Amino acid sequence: MFEQTFKNIDDILHKDAGCGSELDYVEQTSWVLFLKYLDDLEKDKATVAELTGKTYNPIIRTEFKWDVWAAPKLDNGKIDHNALTGDDLKEFVDHKLFPYLKKFKTDAVSADTIEYKIGEIFSELKNRLQSGYALRDVINLIDELRFRTHAEKHEMSHLYESKIQNMGNAGRNGGEYYTPRPLIKTIVKVVAPTIGDKIYDGAVGSAGFLCEAFEYLTHGRGNLDGRPHLSTKDYETLQKHTFYGKEKKSLAYIIGTMNMILHGVEAPNIVHTNTLAENLADIQEKDRYDIVLANPPFGGKERAEVQQNFPIKTGETAFLFLQHFIKILKAGGKAGVVIKNTFLSNTDNASVSLRKQLLESCNLHTVLDLPGGTFTGAGVKTVVLFFEKGAPTRKVWYYQLNLDRNLGKTNSLNEADLAEFVELQKTFAPSDNSWSVDVQTLHATSPNANSQQYDLSAKNPNKKEETALRTPSAILAEMKTLDAESAAILEKLMATVLSSS
């Protein structure tokens, strides 16, 4: 039911002049979906309050409730044909509903409440649908959805994930919003957070890492019936004191917040800010986290004033994020971070200095080398760095994911592909695809200086060496020989022509 509804909504949005891409479809679906979800959440809370003899104070004022403005019902359960539509509906949404919801941000008691999140979401969003009739059609479809049972919420969260994936595949920097879910699951399994850990993603995007960590802590802990066996205190800890994120871009911030809410975290601790604008020297112990899970944007460039916040100056966004993650981890904290594979071997000063810092301040125990095509449309190869802060690296265990197929949109990465890695990583076992390297052997000396390069390149000693590429001098020598042979043949042809004439 949910899947077909989403397809029908996309068809409507595709025809509206205000929505031009998959990113717009997700954004516009999100705010309507959120208000319907909020209505069901309020009904659930009112029911619980009634059963326990308590009074429930609604979040949303009566005239702005879903059943009043969006879907007033007749006795037969159908939407009243007199419900707002066309220009009247658009006027109400743009000039009454959105301003009302936006005001929640300033009226909220604190930032960790759902009221504050409502205000933040509607401060960042606007209704892009130009036709009030198209908006009416979207509302009618979303009104048919239900978010009352665990199964319904679970299905909806997964479908929302699929929409984010489609958005990522649609281009326009969509890759910033979506990390393949099987890879996220694997990273979370290896880092293995526990309840009580503070988990952080400073480049939160669509909040895939935080959502998966929430799933892992609630449903992936060996529960016999698939339901969480959490105490009330554990549940409150997960809701309020576990998941933290920061996001620079407005749309990603909205989608990340929505994604976490649909997964069951009512008031996500996600802040709309530029993480890299924070000076590393200002980070104190109270600001640190137990777990970092992230796929920071790579290939971007930061301005000179932002670079001043970091001891290692570089314009490469991912390298600034890695410095931030190392600094913001607590002693003993664990991290799983995706980064370009060129980080392992680049010889520029910033790359060498950053590898040195990582190896000396953290135990980089695992490097997962991923094949090309893991990130649809990204066009770069990536690795995952797993490290713990507080002790220097002594030995690095590498795993090279070698698949018998090319990855792409129609043939994406799956959990089975990574099963061997997860199993072998537990004991850092050697195999055809895995090997360990003593950190001392990584300190190759530069041919031009006496400085150490801290080369972390993933060179599988178990892989058969491919035929080495010829040196430039050998290629030039062959070209010279071929030129001489061509000249000799030309001379013979000329002589033959002259003799015959």
Within segment 326-339, residues closer than 18 Å to K356 by Cβ and among the basic types (K, R) come out as K327
Of all the residues that make up segment 263-279, how many are among the β-branched types (V, I, T), touching a Lys or Arg at 6+ places or on another chain (Cβ under 8 Å) and not in a helix (DSSP H, G or I)? 3
Cross-chain or 6+ apart pairs with Cβ under 7 Å, segment 414-430 first and closer than 18 Å to F387 by Cα, then part of a loop (DSSP other than H, G, I, E, B) and not aliphatic (A, V, I, L, M): L424/S431
For the structure I just gave you, tell me whether L385 is among the aliphatic types (A, V, I, L, M), more than 18 Å from S345 (Cα to Cα) and assigned by TED's automatic domain parsing to the domain that holds L322. no
What pairs can you find where one residue is in segment 338-362 and free of Cβ contacts under 8 Å to residues at least 60 places away in the same chain, the other is surrounded by fewer than 17 Cβ atoms within 10 Å (Cβ to Cβ), and their Cβ atoms are less than 6 Å apart, with a gap of 6+ or different chains? K340/V380; E360/P392
Look through segment 179-211, keep the residues that are charged (D, E, K, R) and assigned to a helix (DSSP H, G or I), and return whichever of them is farthest from I326 (Cα to Cα). R181
Among residues belonging to segment 304-352 that are in contact with a Ser or Thr (Cβ under 7 Å, 6 or more places away or on another chain) and assigned to a strand (DSSP E or B), point out the one that is farthest from K189 (Cα to Cα). K340
All positions within segment 351-371 that are crowded, with 19+ Cβ neighbours inside 10 Å and either within 16 Å of Y398 (Cβ to Cβ) or of a type in the set (F, W, Y) (or both): R355, L358, L359, N363, L364, H365, T366, V367, L368, D369, L370
(1) closer than 23 Å to H324 by Cα; (2) hydrophobic (A, V, I, L, M, F, W, C); (3) not in a strand (DSSP E or B): which one isn't true of L413, the others all being true? (1)
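Residue-wise test of (1) surrounded by fewer than 17 Cβ atoms within 10 Å (Cβ to Cβ); (2) part of a loop (DSSP other than H, G, I, E, B); (3) modelled with pLDDT of 90 or more.
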residue: R227; (1), (2), (3): yes, yes, no
residue: K233; (1), (2), (3): yes, no, yes
residue: Q239; (1), (2), (3): no, no, yes
residue: K246; (1), (2), (3): no, no, yes
residue: M258; (1), (2), (3): no, no, no
residue: I261; (1), (2), (3): no, no, no
residue: A281; (1), (2), (3): yes, no, yes
Quick check on segment 34-49. Is at least one of its residues among the aromatic types (F, W, Y) and in contact (Cβ under 8 Å) with a residue 40 or more places away in the chain? yes
When the residues of segment 14-48 are filtered to those that are over 19 Å from G264 (Cα atoms) and of a type in the set (G, A, S), which remaining residue is farthest from the chain's Cα centre (by Cα)? A17
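What about E27, is it without any contact (Cβ under 8 Å) to a residue 12 or more places away in the chain and not assigned by TED's automatic domain parsing to the domain that holds H241?
Judged against the criteria, E27 is not a match.
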If we keep only residues of segment 440-460 that are in contact with a strand residue (DSSP E or B) (Cβ under 6 Å, 6 or more places away or on another chain) and closer than 21 Å to T382 by Cα, then the residue modelled with the lowest pLDDT is A458
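Could you please give the count of residues in segment 416-444 that are in a loop (DSSP other than H, G, I, E, B), in contact with a Ser or Thr (Cβ under 8 Å, 6 or more places away or on another chain) and over 26 Å from V352 (Cα atoms)? Quick ask: steps written out before the conclusion?
Residues of segment 416-444 in a loop (DSSP other than H, G, I, E, B): 426-433, 443-444.
Still in the list and also in contact with a Ser or Thr (Cβ under 8 Å, 6 or more places away or on another chain): 428, 430.
If we keep only those that are over 26 Å from V352 (Cα atoms) too, we end up with 430.
The total comes to 1.
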So which residues in segment 304-319 are more than 17 Å from C362 (Cβ to Cβ) and buried (at least 22 other Cβ atoms within 10 Å of the Cβ), if there are any at all? E316
Which residues, taken from segment 378-394, are in contact with a helix residue (DSSP H, G or I) (Cβ under 6 Å, 6 or more places away or on another chain) and surrounded by fewer than 16 Cβ atoms within 10 Å (Cβ to Cβ)? P392, R394
When residues of segment 287-303 are filtered for being part of a strand (DSSP E or B) and either at pLDDT 85 or above or surrounded by 20 or more Cβ atoms within 10 Å (Cβ to Cβ) (or both), how many remain? 6
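The values are calculated or read from the model by the stated rules, or taken from the named source; none is laboratory data. This one's a predicted model, so the numbers in the text were calculated from it and none came from an experiment. Neighbour counts run over all protein chains shown; Cβ positions are idealised from the backbone, glycine included.
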